[in-house]
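The values are calculated or read from the model by the stated rules, or taken from the named source; none is laboratory data. Note that the coordinates shown come from a computational prediction; the quantities given were computed from them, not determined experimentally. Positions of Cβ are generated from backbone atoms using ideal geometry, with glycine treated the same way; all protein chains shown enter the neighbour counts. Note: areas computed on protein heavy atoms with side chains; ligands, DNA, RNA excluded. Shrake-Rupley method; radii C 1.70, N 1.55, O 1.52, S 1.80 Å.
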Amino acid sequence: VSAADDLTELYRERIWRELQQVARPDSRFHWDFSRFIADFEGSDLCAQRVLALAALRDLGDSRIFVTPDNCLEPLRAELIRRGQPFVMSTYGIVRGFLALDPADVPAGEARYAATLDGFDRYARPVLLAELARGRPFGLLVTGGSAVSRNGVRFGKGHGYFDFEFAVLSELGLVTDTAVVVDVVHDCQYVDDDLAAEAHDVPVDLVVTPTRTLRVEGPPRAPGRVHWELLPGTEFDDLEIVAELRSLDRPSTPTI
Amino acid sequence: VLVPPPSYPAPLYDRVRRELERTILALPLVDASPIPPEPKLMEQFGVSRGTVRRAIAELADDGLLRVEQGRGTYVNHDERIRRVVRERLAAVALPDSRFDLDLKQFVPDFAGRAAAEARVTELPAWRDARTVFLAPDNSLEQLRLQALEAGKKLLVPTYGMRRDFVLLDGAGIAANDRPLAATLDGMERFGRRIDATTVASVDRVDVFATGATAVTTDGRHIGSGWRFLALEWFLLEQEGIVDDAVPVVAVVHDCQVIDEPVQADPDCIVDLIATPTRLIPCSPPTP
């Protein structure tokens, strides 16, 4: 365990204590923050801030990717109300990715469809092959346990979003201009620079209920799956990993 | 460059554990004999005593076996039934939004559930019911929705009783909010929290319906192993919200119904079993 890991753990523990004051429990995981990204007071304000981003206004025909974090529920509901389709990963990526077309959601049920229980009802599974045939993702939105001044985010400690980003990158679905947004409560923002690991995806914007912060930093390196790190992890057994291995595609350039 | 993962051979004790589990699950559900003694198993699997002991210890740790010092090692009936039924259920179960198909964590919705549900809603007791208890099982989500749509009051425990009970009033929830109010994700936004200090304010329940991991035709409800239903029944019975006269209905797939006279320790006693194909009145359990 490195010193950087210790520091991350320290922040995570401290922030989880503060988060408990403003967060909402999960329907299954109660207050166990190691198992879900919590919703919090003001997440609806975060949704409004994300909707006002230039990255969303200028999306063109690029797509939106959202993680299944509870704090993104108001954003998902608002996207559905606006008729904006998006792609979401399933919890733990166990069932891969789901795509939602708001046209499939009955009027008045946006809020229901935005929950994980409701999303399963109206979204449909998409294989990587189908995703890869579509437009790239111009906006990727995730939550997290905490995020630092230099855009290093940490989640529940599993690295799901980093892995999703890596998989989408391998499929050529993340362009250089794609914008990565982290939605957190103000208490989850760490006003300090933290060291990133090779597989960490630095974020471009941090959105809290009170602020929208642009992260200054060097351009993000292209994402890739770190195959050497997979064996023995929960990712190794994922169906999308088997599918990614089987896909016939040009190998990623080595730099 | 894609690197295929190295394969990790399972340790020997783990292979013995799995083989032993397979043998136990293949026995008749009523079989109550101890498993063969260590020397027999050492010979059968061609492994050392230490390996056999490790395999047995693992199976005892996760509840399938019970080691009785000086007597022998026995199978836990409830746990065997759970595992046998979960294997059957895998073919018809629908995934949970968090737990996927990890059936140890939740009671799943299943193919054909709507037909089982209709057998409940056709019951005179359901039609006349003003207040119903419905378990937080995924297989009951649509029944919870029907209760709300019928304007009934609905008492639901939170998952794992982590935040006690929720009381919803179908008549007070807008029509397009009801699908959300029927889910675990949504119910707490529309209902009132009921805990041990306020449970006495709830009206007596007219129908008590639950899913199950398994249920026997002599009325034994076998839950996921945490005995939440037994706790819920106890808390409600204390305050007179439920009693022995309340009809208890289990909504399950046919593959969850056990007809053999097993010696399972039930979470509660069921009067009726509704499956996609049948409505089964339970014979009272023989002690």
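Some points to look at:
- Mean-square fluctuations from a GNM of chain B, with a 10 angstrom spring cutoff on Cα atoms, peak among B:Pro34, B:Pro266, B:Pro124 at B:Pro124.
- Area accessible to solvent at B:Ser48, 1.4 Å probe radius, in Å²: 60 Å²
- Computed over the stretch A:90-147: relative contact order in percent, which uses C-alpha pairs under 8 Å that are six or more apart: 34 percent
- Neighbour net charge for B:Val30 - beta-carbon separation under 11 angstrom, K R +1, D E -1: -2
- Percent carbon-and-sulfur accessible area, chain A, ignoring ligands, DNA and RNA, probe 1.4 Å: 50 percent
- Gaussian network model of chain B, springs between alpha carbon atoms under 10 Å - residue of B:Arg71, B:Arg178, B:Arg86 with greatest fluctuation: B:Arg71
- Using Cβ point charges alone (K and R +1, D and E -1), the dipole size of chain A about the Cα centre works out to roughly 720 debye.
- Taking each residue as 0.36 nm, the span from A:Thr177 to A:Asp6 lengthens on full extension beyond its C-alpha to C-alpha distance by 58.3 nm.
- Of the residues B:Pro108, B:Val132, B:Val120, the one whose Cα sits farthest toward the positive end of the charge dipole of the stretch B:96-154, with +1 on the Cβ of Lys and Arg and -1 on the Cβ of Asp and Glu, is B:Val132.
- Rounded to the nearest 10 square angstrom, A:Met88 shows an accessible area of 10 square angstrom against a 1.4 Å probe.
- Under 29 Å from B:Lys104, Cα to Cα: lysines that are on another chain or at least 8 residues apart: A:Lys156
- Cα gyration tensor shape for the stretch B:2-106, rounded if a/c is under 1.5, else prolate or oblate: oblate
- Summed buried accessible area for B+A [probe radius 1.4 Å, Å², rounded to 100]: 2700 Å²
- Relative contact order, percent, chain B [alpha-carbon distance under 8 Å, six or more residues apart]: 17 percent
- Cβ-Cβ FRET estimate between B:Ala175 and A:Arg17, R0 fixed at 30 Å, reported to 0.05: 0.15
- Alpha-carbon centroids, the stretch B:5-56 and the stretch A:1-71: separation in whole Å: 45 Å
- The alpha carbon gyration tensor of the stretch A:27-87 gives principal lengths a ≥ b ≥ c with a/c of 1.5 or higher and a/b greater than b/c, which makes the shape prolate.
- Centroid-to-centroid separation of the stretch A:97-127 and the stretch B:214-278 [C-alpha atoms, Å]: 33 Å
- Per-residue ellipticity at 222 nm, computed for chain B from helices alone with -39500 (n - 2.57) per DSSP H run of at least four residues, works out to -9000 deg cm²/dmol.
- Prolate/oblate/rounded label for chain A (Cα gyration tensor, a/c 1.5): rounded
- Distance between the modelled labels on A:Leu247 and B:Ala118, one decimal in nanometres: 4.3 nm (7 Å Cα→Cβ projection).
- Apportionment of accessible area to carbon and sulfur, the stretch B:14-141, percent (1.4 Å): 50 percent
- Occluded residues from the stretch B:182-225, i.e. those whose accessible area drops by 20 Å² or more once the chain is not alone (1.4 Å probe): B:Thr183, B:Leu184, B:Asp185, B:Arg189
- For the stretch A:161-219 versus the stretch B:114-193, the inter-centroid distance based on Cα atoms is 40 Å.
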